[in-house]
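Please read the structure below before turning to the comments.
The values are calculated or read from the model by the stated rules, or taken from the named source; none is laboratory data. Predicted model, so just to flag it, every value in this text is computed and none were measured. We place every Cβ from the backbone using ideal geometry, glycine too, and count neighbours over all the protein chains shown. Heavy atoms of the whole protein, side chains included, go into the accessibility calculation; ligands, DNA and RNA do not. Shrake-Rupley method; radii C 1.70, N 1.55, O 1.52, S 1.80 Å.
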Amino acid sequence: MNLQNLVIATHNKGKVREINDLLAPFGVKVKSALDMDLPEPEETENSFAGNALLKARAAASVSGMTALADDSGLEVFALGGEPGIYSARWAENPETKIRDFAFAMNKVKNRLEALKTSDYSARFVCVLALVTPDGEEQIFEGEVRGHLEFPPRGENGFGYDPIFVANGETITFGEMDPAKKHEMSHRADAFKKLVNSVFKS
Ligand code: ITT
């Protein structure tokens, strides 16, 4: 698969930054759907893989370039896997559609407190979909397990990072140096699989 000109099919600046960091060692030139002002498709599928494919297919067909999409989210075990594929939508103000992750993290906290559970275990999931303009498709899945801590801590990362502590760590992803997050994150895990398939074959 030719990855010389790749479009990153995301409108999320945090993802663009992390995907650029993860691809940096491979000398791939990337543009994002944000740079190219591509339309943002509605995420109508009911799985991470379905939504990742939908975003990559849309970007590949509009741009004529190979597209890489990332669908990801936080699954909280005591909440039956919520917010899951709705992780971004949990942060949306219904009227303005503006995302507020302080609001989303508080929603997770309130839901857990209402259950009176001591199980704060959670995982981040990332599914990457790579789609060429002629319809070749591959998907790669990654995860990182850990637990949630409140109140949120740290200014690094994005989304739910300030409440997530990976197994074996004491600081949140929000407090962690980005290079260290890239050694253990769900996105890095999925990227390892992509790199093994695409760059080492
Ligand atoms: P695109 O669809 O344009 O890529 P999005 O933000 O809508 O951007 P998703 O539908 O995949 O992306 O939503 C995933 C949400 O899950 C994302 O907005 C974050 O809030 C959260 N998330 C995913 N990866 C994360 C990470 O590494 N750290 C913190 N939160 C993360």
Would you work out what percent of the accessible area of segment 113-201, with all protein chains in place, is carbon or sulfur (probe 1.4 Å)?
49 percent
Per DSSP, loop GluC sites (Glu not before Pro) in segment 92-190 with at most 12 further Cβ within 10 Å:
GLU95, GLU136, GLU155
What's the local net charge at SER185, with K and R +1, D and E -1, over the other residues with C-beta under 15 Å away?
-4
Dipole moment magnitude, nearest 20 debye, segment 94-201 about Cα centre, only Lys, Arg, Asp, Glu C-beta charged:
220 debye
Working only with C-alpha atoms, what are the Rg and Dmax values of the chain, expressed in angstrom?
16.7, 51
Carbon-plus-sulfur fraction of the accessible area of segment 25-89, 1.4 Å probe, in percent?
49 percent
Quick check for you: with a 1.4 Å probe and neighbouring chains kept, what is the accessible area per residue of the chain, in Å²?
49 Å²
How large is the Kirkwood hydrodynamic radius of segment 26-88, in angstrom, based on all distinct alpha carbon pairs?
13.0 Å
How about segment 1-54: which GluC sites (Glu not before Pro) there lie in a loop by DSSP and see at most 12 other Cβ atoms within 10 Å?
GLU42
Can you give me the relative contact order of the chain as a percent, contacts being Cα pairs under 8 Å and 6 or more apart?
18 percent
